[in-house]
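Quick note: the coordinates plus some simple rules give every number you see, no bench work behind them. Source: prediction; values computed, not measured. We place every Cβ from the backbone using ideal geometry, glycine too, and count neighbours over all the protein chains shown.
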Amino acid sequence: MYVAVKGGERAIENAHRLLAHERRGDRDVPEVTLAQISEQLALGVDRVMTEGSLYDRELAALAIKQARGDMIEAIFLVRAFRATLPRFGATEPVNTGAMQVRRRISSTFKDVPGGQILGPTFDYTHRLLDPQLAEGFVPEQPMTADASQAATPRVTDILGRDGLIESSPQADSDAAVGDLTREPLSFPADRDLRLQNLARGDEGFLLALGYSTQRGYGRNHPFAGEIRFGEVEVEFSAEDVGFAVPLGSIELTECQMVNQFKGSTTEAPCFTRGYGLAFGQSERKTMSMALVDRALRARELGEEAEAPAQDEEFVMSHSDNVQSTGFVEHLKLPHYVDFQSELGLLRKLRQEFAEANEAVEMQEAAE
Amino acid sequence: MTTIAEMPAGFADKVLSAQSTFRSVMDAMARPGSVQRVAASVGTPAGMMRGAAAIALTLFDHDTPIWLDAAMSATPDVARWLKFHASAPVVTDSAIASFALIGDAANLPALERFAFGSSEYPDRSTTLILQVDSLTQGPAFELKGPGIDGSALLQAMIKPRDLFQRLSINEALFPRGIDVVLVHDDNIVAIPRTTRLIASGV
Amino acid sequence: MNAPTYNFAYLDEQTKRMIRRAILKAIAIPGYQVPFASREMPMPYGWGTGGVQVTAAILGPDDVLKVIDQGSDDTTNAISIRKFFGKTAGVATTTSTTDATVIQTRHRIPEASLHAGQVLVYQVPIPEPLRFLEPRETETRRMHALAEYGLMHVKLYEDIARFGHIATAYAYPVKVNARYLMDPSPTPKFDNPKMDNCAALQLFGAGREKRIYAIPPYTTVVSLDFEDHPFTRYRFDAPCALCGADNSYLDEIVTDDKGGRMFVCSDTDFCEQRQAAGHHGTESAAPHKEKAHV
């Protein structure tokens, strides 16, 4: 006889146990440590911190280990943890102009004050698999020099001095900065919320959208004004202390795109801005973000908004990979009640279709 | 003026008191006209009834601007207590308030002074917390609307006497409108914007 | 390392207050979708995070919780959610519809009629009934503001023109309190009439889409239809093979690869209560003989 399926609880427990076993892999192979992940898979850690919206290398490394290297799963783990943390307030805005720069390039000027610094980059590596890296490779010590005392002003500030680029839109310093993790999103959304959404957004999604703008879907003629990566100080201004207290420093990547100029009969033509910022060294992410940020400014700049990357409701509603993966993967959950309902309707429609055709055939035969 | 040491206490158990008070308010809102009891023990600043104080600590925080009527702001006690226990900002513009605490309901301002929400976002409205003289005795009000099986009978001493007549603007405004929670001591009754007065006797 | 500690029912108090305020507005404006700042939960979006947040905001130590998915207490996601609240809130759990004070559900409304004082919490994937006709939130919000629901009537009418029927079998749209068009979540339309004038409070949580809505008790809920094409419930015309019920929604169980199948109650508590009361089905309602199934 038929007995309804039972034992779901034991199945779940056993599945978790098996997952833990598979995660560990061959037990004769040494276990990977969080320090190894943090040090040797650092760019993965950077991405998990950025899209997870939490600057904590150790927790991000733990998430990657727990997620068996599945980056979106790791981002999800970090986000779920972040949601439970108490909030003390918002830090002072970080000053990326005062960044201790480890890498800094501009594609708009041959040289800039403070210099171009190539830094650690894949850019000019030849993508040949390197068998030396398979095991036991000890790299040479890097070349060093004294830290430069020269200021490294942002390239967009240099352009701004001559009025060649729009001034960076200054928000009212007393106005509260939006936070889409605390307030439900409504449209149209201001740029603070858009940038927050993009910073948390999936790198692959933003990459594809940014690329689409380059191919003509909302083209905005970008130049990489500047990409910089390094350390900045974070300060917190506590209400009862009365002054900003340094909390430490974090690594950031910032990308400022210089885009297509605009002008009108009342305004002199000038370049426009697109902005990207992410934790750690996340160049692809910040460049994509800057392209999409600029595309999303279409409404504000009086451009026609017809391409996907210019459609804020489309972009912001689909950029979050924790949301996307949840809903795509929820198709794994049982749907047999609604499927049964659909099946019943389909059978009925097919039966009526067959009966109608039969009636027509009989009538034709009779004629 | 009270010092922090003299400040009336908040909830004895923040988590469970807020939960049980919320369930009373939710039940009240889901069954308009029914009398629900707030069981949680809570300190009360001068002029505030126990039910109102419990609701405040359950629903107010730094995201909810609060408007106080003249009775509630007669001394700084209520505002200070709200700031200390709920971090709730007290505002002078009733039109931006999430909640309005009315200690002297006889002098309830015109409802138009509060937020009705918009047609797109009717939830962005002010909820009135109105202290009244009784929710078990007094003139009878027969009510109908969602949450009510047929009709509900409320016996209450409510000032202003024409409260239900004033609330009839909810019918024309819907889905915009004003929701009201009536409080007497630890009894509460909710009158959401969907509730209509069928008849009132004496 | 920051070792995590969690509050009663997982959510922090600030989040609960925000959700509680949204629930009160939802009850005051039946069928209107109140936006709320949905949090990241420790289960994926789309797997009941909205329902879980609503349940976490209302649940107290005296509650008795039942969780069902597809009508059953024993589906993996129902077990997972029930365990979550058992662990974080320490509440009593039950499979009995009658004994529960709070029932969280995905895709079904229990067969046993609900009583006053109960709360039914629905998990909702897409709260906007007009979403598949108009993808833009800005547009659908305007339509709700103006109660402009012609688009839905046109869709249903086109169904009739094309198929001879309204071709919506689940998530069948309803009008609440003669004002708001509402998505009942992907319940089969068989369940729609249970929402009308129900004694229990019905709360709907959509986590990923960040919306909460409600139907207060004793509120009119009407399934959309046309005078010449009235709303009808659908149910496979067979008694349950286990308990013989002829008025419950049925799951189709495929028993072999030769067309063998049988039909059993989707509401497992309802079915078990009936069997305990001595009702039995044929255990072989299928057109083909079913194989032994253990």
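Using +1 at the Cβ of each Lys and Arg and -1 at the Cβ of each Asp and Glu in the stretch C:13-223, identify which of C:64, C:45, C:15 lies farthest towards the dipole's positive end.
Of the candidates, C:15 comes out farthest on the positive side.
Using a Förster distance of 25 angstrom, determine the FRET efficiency expected from the C-beta separation of residue A:187 and residue C:148, and round it to 0.05.
Working: r = 19 Å, r/R0 = 0.74.
Working from the Cβ atoms, E equals 0.85.
Can you bin every Cα-Cα distance in the stretch B:75-154 into 5 Å intervals starting at zero and give me the percent of pairs per bin, rounded to whole numbers?
The percentages, shortest bin first, are 3, 12, 15, 18, 19, 17, 11, 6, 1.
Per the Kirkwood formula on distinct C-alpha pairs, the Rh of the stretch A:241-306 is how many angstrom?
Radius from the Kirkwood sum: 14.0 Å.
Residue B:200: net charge of surrounding residues, Cβ under 15 Å, Lys/Arg +1, Asp/Glu -1, itself excluded?
+3
Once you keep just the Cα pairs under 8 angstrom separated by 6 or more residues, what percentage relative contact order results for chain A?
17 percent
Here is the link list: A:332/C:66; C:155/C:189; A:65/A:332; B:144/C:25. Which ones come out longer than 20 Å on Cα distance?
Where the Cα-Cα span goes over 20 Å, the pairs concerned are A:332/C:66; A:65/A:332.
Just need the Rg to Rh number for the stretch C:167-231, please, alpha carbons only, Kirkwood Rh.
Reported Rg/Rh (Cα atoms, Kirkwood Rh): 0.96.
More than 39 angstrom separation, counting every C-alpha pair in the protein assembly as shown; what % is that?
In whole percent, the long-distance tail amounts to 50.
Anyone know which of A:229, A:205, A:81 comes out most mobile in the 10 Å Cα GNM of chain A?
Per the Cα network of chain A with a 10 Å cutoff, A:81 tops the list.
Taking the square root of 5 times each eigenvalue of the Cα gyration tensor, what semi-axes in Å does the equivalent ellipsoid of the stretch C:54-123 have, largest first? Show your work: numbers first, answer last.
Details: eigenvalues 52, 43, 20 Å².
One finds semi-axes of 16, 15, 10 Å for the stretch C:54-123.
Considering only DSSP beta bridges whose two residues both sit in the protein assembly as shown, what percent are antiparallel, to the nearest 5?
On the way: 69 of 100 bridges.
Percentage antiparallel, nearest 5: 70.
Between residue A:352 and residue B:112, what is the label-to-label distance in nm when each label sits 7 Å out along the Cα-to-Cβ direction?
Result for the modelled spin labels: 5.4 nm.
Treat the count of other C-beta atoms within 10 Å as a stand-in for reagent exposure and order C:18, B:29, A:316 from fewest to most.
Ordered by Cβ neighbours within 10 Å, fewest first: A:316, C:18, B:29.
With the Cα gyration tensor of the stretch C:1-80 in hand, convert its eigenvalues to equivalent ellipsoid semi-axes via √(5λ) and list them largest first in whole Å.
Semi-axis lengths for the stretch C:1-80 are 21, 19, 13 Å.
Stokes-Einstein at 37 °C, 0.692 mPa s, Kirkwood radius from Cα pairs: D for chain B in µm² s⁻¹?
194 µm²/s
From the backbone phi of the stretch A:321-338, what are the Karplus-calculated ³J(HN,Hα) couplings (6.51 cos²θ - 1.76 cosθ + 1.60, θ = phi - 60°) in whole Hz, Gly and Pro given as x?
Ordered by residue, 3J(HN,Hα) equals 6, 5, 5, 4, 5, x, 6, 5, 6, 5, 5, 6, 5, x, 10, 6, 5, 6 Hz.
Once you average over the residues of C:47-54, how many Cβ atoms of partner chains fall within 10 Å of each Cβ?
Working: counts 6, 2, 2, 0, 0, 0, 0, 0.
Whole-number average of other-chain Cβ neighbours for C:47-54 is 1.
Per residue of B:146-153, count partner chain C-beta atoms within 10 Å of its C-beta, then hand back the mean as an integer.
Values: counts 14, 9, 4, 5, 1, 0, 1, 0.
Counting Cβ atoms of other protein chains within 10 Å of each residue's Cβ and averaging gives 4.
Over the stretch B:1-102, what is the relative contact order in percent, taking alpha-carbon pairs closer than 8 angstrom and at least six residues apart?
27 percent
So what's the convex hull volume per residue for the Cα atoms of chain A, in Å³?
Numbers: hull volume 107.8 nm³, N = 367.
Taking the convex hull of the Cα positions in chain A, it is 294 Å³ per residue.
What's the whole-number percent of alpha carbon pairs in the stretch A:94-182 lying beyond 21 angstrom?
Numbers: 2235 of 3916 pairs.
Tail fraction, whole percent: 57.
Ignoring everything except DSSP H segments at least 4 long, calculate the 222 nm mean residue ellipticity for the protein assembly as shown; use -39,500 (n - 2.57) per segment, divide by total residues, nearest 500.
-9500 deg cm²/dmol
Could you work out the mean count of beta carbons from other protein chains within 10 Å of each residue's beta carbon in C:10-20?
Details: counts 2, 2, 6, 6, 7, 3, 5, 10, 7, 1, 9.
Other-chain Cβ atoms within 10 Å of each residue's Cβ, averaged: 5.
Please name whichever of B:164, A:33, A:139 sits farthest to the positive end of the charge dipole of the protein assembly as shown, dipole taken about the Cα centre and charges placed at Cβ: Lys and Arg +1, Asp and Glu -1.
B:164
Normalised by the residues of chain B, what does the relative contact order come to in percent, with Cα pairs under 8 Å and at least six apart? It would help to have the intermediate numbers written out before the result.
Details: 452 pairs, mean separation 46.4, N = 202.
Once divided by the residue count of chain B, the mean separation gives 23 percent.
Helix A:57-66 versus the longest principal axis of chain A: what is the Cα-based angle in degrees, 0 to 90, to the nearest 10?
Approximately 20 degrees, to the nearest 10.
In the Gaussian network model of chain B, springs joining C-alpha atoms below 10 Å, which of B:180, B:91, B:35 carries the largest mean-square fluctuation?
Maximum fluctuation in the GNM of chain B, among the listed residues, is at B:91.
For the stretch C:95-249, what is the convex hull volume of its Cα atoms per residue in Å³?
Per-residue hull volume (Cα only) is 127 Å³.
Most mobile of C:155, C:210, C:194 per a Gaussian network model of chain C (Cα springs, under 10 Å)?
For chain C, modelled as a Gaussian network with Cα springs under 10 Å, the answer is C:155.
Of the GluC sites (Glu not before Pro) in the stretch A:106-199, which ones lie in a loop per DSSP and count no more than 16 other C-beta atoms within 10 Å?
Those satisfying the criteria are A:135, A:140.
Where does the charge balance sit around residue B:154 when Lys and Arg score +1, Asp and Glu -1, over other residues with C-beta under 13 Å from its C-beta?
So the environment of residue B:154 carries a net charge of +2.
Hey, how much of the P(r) for the stretch B:1-59 falls beyond 18 Å, as a percent of Cα pairs?
Result: 36 percent of Cα pairs exceed 18 Å.
For chain B, take the longest principal axis of its alpha carbons; what is the angle in degrees between that and the long axis of helix B:50-59, to the nearest 10 within 0 to 90?
80 degrees
Could you tally the net charge around residue C:43, taking each other residue with its Cβ under 15 Å from the Cβ of residue C:43, Lys/Arg +1 and Asp/Glu -1? If you can, show how the numbers build up before the last one.
On the way: positive: A:79, A:332, C:39, C:82, C:83, C:87, C:106, C:208; negative: A:73, A:329, C:40, C:69.
Charge balance near residue C:43 sits at +4.
How many times 2.2 N^0.38 Å is the alpha carbon radius of gyration of chain C?
My calculation over the Cα atoms of chain C gives 1.05.
Mind jotting down the three principal axis lengths of the stretch A:171-283 based on Cα atoms? Whole angstrom, largest first.
50, 36, 31 Å, listed from the longest principal axis down.
Dipole of the stretch A:215-364 (Lys/Arg Cβ +1, Asp/Glu Cβ -1, origin at the Cα centre): which of A:309, A:264, A:222 lies farthest to the positive side?
My answer, from the dipole projection, is A:222.
Only counting other Cβ atoms within 10 Å, I'd like C:198, C:240 sorted with the fewest neighbours first. Numbers along the way, then the final one.
Values: C:198 22, C:240 29.
Result, fewest neighbours first: C:198, C:240.
Could you tell me the distance between the Cα centroids of the stretch A:177-195 and the stretch A:333-351, to the nearest Å?
40 Å
Going by C-beta contacts inside 10 Å, put C:160, C:215 in order with the fewest on the left.
Least to most surrounded, the residues fall as C:160, C:215.
Could you give me D for the stretch A:13-82, from Stokes-Einstein at 4 °C and 1.567 mPa s, where the hydrodynamic radius is the Kirkwood radius over C-alpha pairs? Units µm² s⁻¹, please.
105 µm²/s
Give the range of the longest stretch in chain A that excludes all trypsin sites (Lys or Arg not before Pro) found in loop regions by DSSP and having at most 10 other beta-carbon atoms within 10 Å.
A:216-367
How many nm is it between the label spots at residue A:244 and residue B:137, if each spot is 7 Å from the Cα in line with the beta carbon?
6.4 nm
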